[in-house]
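Enquirer: First the structure, then my questions, so here it is.
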Amino acid sequence: MNHPYRGLPDERYWSRSIGNCSDDGWDPVTNPPFQVEADARIITAGSCFAQHLARYLNSNGRTCFVTESSHPLMDSQLAKEFNYGIFTARYGNIYTSRQLLQLWQRANFQFVPKDSVWTCGEHRFDPFRPSIQPGGFASALEFELDQAQHFAAVRRAFSQAYVLVFTLGLTECWASKEDGAVYPIAPGVLAGEYDPNRHELLNLSVDEVVTDIAEFVRNVRISNPAFKLILTVSPVPLAATAEARHVGVASCYSKAVLRIAAEYAAKLPGVYYFPSYELITAPGQTYFAADRRSIREEGVRRVMSLFFRHVLRDEGEPREVGEERDVFLDRVRDVVDVICEESLLDEHK
Amino acid sequence: MHTFDAASFEATGEPIFCIGHSHLSAVSQAALATGTAIKGINFWDIPGAVEGDGAQLRFTSWIEEAILAQNGPVFSFVGGSVHNVMGLVAHPRPFDFVLPWATDLPIDKNAEYLPYQIARRLTKNLSAQYLFQMMRIRKLCRGEMIHISPPPPSANQIRLSKDIPWNMYPEMTDQVASACLRMKLWLLQANIVSNWCIENSITYVPSPDVAADGNGYLIEEYYRDGAHANAAYGELVLRQMRSHG
């Protein structure tokens, strides 16, 4: 008897493609519409999970396109502490589609939020990346200069990238009631002050997420017509919800919205959905740590392995690379030492 | 042992005891010129003067004994070159930063801005070895310890350029860093070291006001080379030392 499922490939059957496979023995990635060449400029943004891609790309000797890199005077520990090299530019985690869209708009002066800086004594905090540097900015002038430098790096990143890999993390976000500016984290958590009269909770719908992404892509393509977008959905559950329901229910809803929105957004030309969410969640708790939230390294490695295999052209497995060291200080110290020794020669005349 | 014992050492009794690095040379020269009794231990002239690092840092035994033997104040000229290491030669990737207590200082619009906290951490890291040396001196000396600030930076780019041995780093850079960056680094270094001195019961003596122009840079007549002031500047410092000693 004939029926529509007869003769379908194994990947269409759960029992044959997941149920009878080891945790890393199944591969749901099919038909990427484009591949990323070895010399293509890849940029990354998104929630915490997105940080892994930059880490793995860098460890494979195929660096992300970084437009706001740490100065060579900094060692890797100091750079990491000040959030250099985590993403393409120093924008920190971008949890929502609205935050991504507004970042581009702010960097291009299309949107200037009224709540533009948080003051704490002499220190200044950026409401849109409040944890970007420990203790905030030391002066108002430093904040202004750094923000201008950051925006230039954002413009350069999106305008010159071949592809952005963006990980959607949340639908819940806090916004200014005045102009809709969306914060990465609720005011008052890391800096600033929460004011129920000025701040409100948004829980983005599928339509809103799709519209944000479409508008973002359209805007970027004005300056970068070849711009491509790879979407992923973070498998990391919500840490907390501001909705009046259980965090497990809120998390499931949020991920469902993001997954559907990604499906719709991927119908846009040059936009592709990569199933990292499924890779982590389908095997159950295998890739989750004891807290049932953090993703174990094996899971990250599994996702990255398939990303490298299917999306990056001519790539092997991820491998480790060493750190380069700036020799400037050593050289100049030698120079100053020479001057010092010469001063002694002069003294002994 | 290399010391700078002035001719009048015997006549005047206890010499002024100084220890540290090359900034001491301006004072040594001034002492020679003025017949001031001074005993100077310049680490640059004594290979192996410093042994170990961090909290385990020690001086070679005769230096430790010399410090222990001092009844009067010990004048420290330790370090003082960090602003030059970071800001004498322009980095291939020019940088600048904002000093939060001196936001009126010019900004290099062609440079990359570093967060102040990073500039501070870099300066502090480079100063660490010198602070450990000062800590060791503090532990050894029985009397007062007085730390002398290095001279302010020069703003004379042409003169500085002539004094830098450019052949030491071919294909790297050929520019003197902006004077303003040097000034900020010098002020930052002074802030770090003076605060550290307060915490460790060491008297910090800033550079003499009369040696600086209206913008805080070293006046030309006190210039010696790319990193140091001359004997005339040393005389000004000697006067400060006498008033503190």
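Enquirer: Hey, can you tell me all the residues within segment B:168-187 that are assigned to a helix (DSSP H, G or I), closer than 17 Å to B:D225 by Cα and not small (G, A, S)?
Expert: Of everything in segment B:168-187, those that are assigned to a helix (DSSP H, G or I), closer than 17 Å to B:D225 by Cα and not small (G, A, S) turn out to be B:M168, B:R182, B:M183, B:W186.
Enquirer: Working only within segment B:94-106, note down all residues that are in a loop (DSSP other than H, G, I, E, B) and either at the interface with chain A (Cβ under 7 Å from one of its Cβ atoms) or within 30 Å of B:E14 (Cα to Cα) (or both).
Expert: Answer for segment B:94-106, where residues must be in a loop (DSSP other than H, G, I, E, B) and either at the interface with chain A (Cβ under 7 Å from one of its Cβ atoms) or within 30 Å of B:E14 (Cα to Cα) (or both): B:V98, B:P100, B:T103.
Enquirer: Taking A:A38, is it open to solvent by less than 10 Å² (accessible area, probe 1.4 Å) and either assigned to a helix (DSSP H, G or I) or of a type in the set (A, V, I, L, M) (or both)? Working first, answer last.
Expert: Working: open to solvent by less than 10 Å² (accessible area, probe 1.4 Å): no; either assigned to a helix (DSSP H, G or I) or of a type in the set (A, V, I, L, M) (or both): yes.
So A:A38 does not fit the description; no.
Enquirer: What number of residues within segment A:262-278 satisfy the criterion of being touching a Pro at 6+ places or on another chain (Cβ under 7 Å) and farther than 15 Å from A:V311 by Cα?
Expert: Number of matching residues: 2.
Enquirer: Select from segment A:52-74 the residues that are surrounded by fewer than 18 Cβ atoms within 10 Å (Cβ to Cβ) and within 23 Å of A:A239 (Cβ to Cβ) and list them in ascending order.
Expert: A:R55
Enquirer: Tell me, which helices (runs of 4 or more DSSP H) wholly within segment B:1-93 include 1 or more residues that are modelled with pLDDT of 90 or more and among the small types (G, A, S)? Full working, then the answer.
Expert: Working: elements: B:9-12, B:24-34, B:61-68, B:82-87.
Counting at least 1 such residues, we get B:24-34, B:61-68, B:82-87.
Enquirer: Give just the number: which of (1) among the acidic types (D, E); (2) within 14 Å of chain B (Cβ to nearest Cβ); (3) in contact with a strand residue (DSSP E or B) (Cβ under 7 Å, 6 or more places away or on another chain) does A:E200 not satisfy?
Expert: (2)
Enquirer: Hey, does segment B:140-153 have a residue that's modelled with pLDDT of 95 or more, part of a loop (DSSP other than H, G, I, E, B) and facing another protein chain (nearest Cβ under 9 Å)?
Expert: Looking for residues that are modelled with pLDDT of 95 or more, part of a loop (DSSP other than H, G, I, E, B) and facing another protein chain (nearest Cβ under 9 Å), one finds none in segment B:140-153, hence no.
Enquirer: Okay, next question. Tell me which residues, restricted to segment A:120-161, are away from chain B (no Cβ under 13 Å), within 23 Å of the chain's Cα centre (by Cα) and over 29 Å from A:A40 (Cβ atoms).
Expert: Listed by number, the residues that qualify are A:P127, A:P130, A:S131.
Enquirer: Moving to a separate point now. Exactly one condition in (1) in contact with a Lys or Arg (Cβ under 7 Å, 6 or more places away or on another chain); (2) touching a residue at least 24 places away in the same chain (Cβ under 8 Å) is false for A:H71; which is it?
Expert: (2)
Enquirer: Out of the residues in segment B:31-55 that are more than 21 Å from the chain's Cα centre (by Cα) and closer than 16 Å to B:Y130 by Cα, state the one that is surrounded by the fewest Cβ atoms within 10 Å (Cβ to Cβ).
Expert: Checking each candidate, the answer is B:A55.
Enquirer: I've got another one for you. Report whether or not B:R58 is surrounded by fewer than 21 Cβ atoms within 10 Å (Cβ to Cβ), among the charged types (D, E, K, R) and within 12 Å of chain A (Cβ to nearest Cβ).
Expert: Considered against the rule, which asks whether it is surrounded by fewer than 21 Cβ atoms within 10 Å (Cβ to Cβ), among the charged types (D, E, K, R) and within 12 Å of chain A (Cβ to nearest Cβ), B:R58 comes out as no.
Enquirer: Right, next: Just give me the residues in segment A:126-143 being within 19 Å of A:P113 (Cβ to Cβ), in a loop (DSSP other than H, G, I, E, B) and open to solvent by less than 20 Å² (accessible area, probe 1.4 Å), in sequence order.
Expert: Correct list: A:D126, A:P127, A:F128, A:R129, A:P130, A:I132, A:G136.
The values are calculated or read from the model by the stated rules, or taken from the named source; none is laboratory data. These numbers were taken from a predicted model, which means no experiment stands behind them. With ideal geometry, Cβ positions are generated from the backbone for all residues, glycine too; neighbour counts draw on all protein chains shown. We work out accessible area using only protein heavy atoms, side chains counted, and drop any ligands, DNA or RNA first. Shrake-Rupley method; radii C 1.70, N 1.55, O 1.52, S 1.80 Å.
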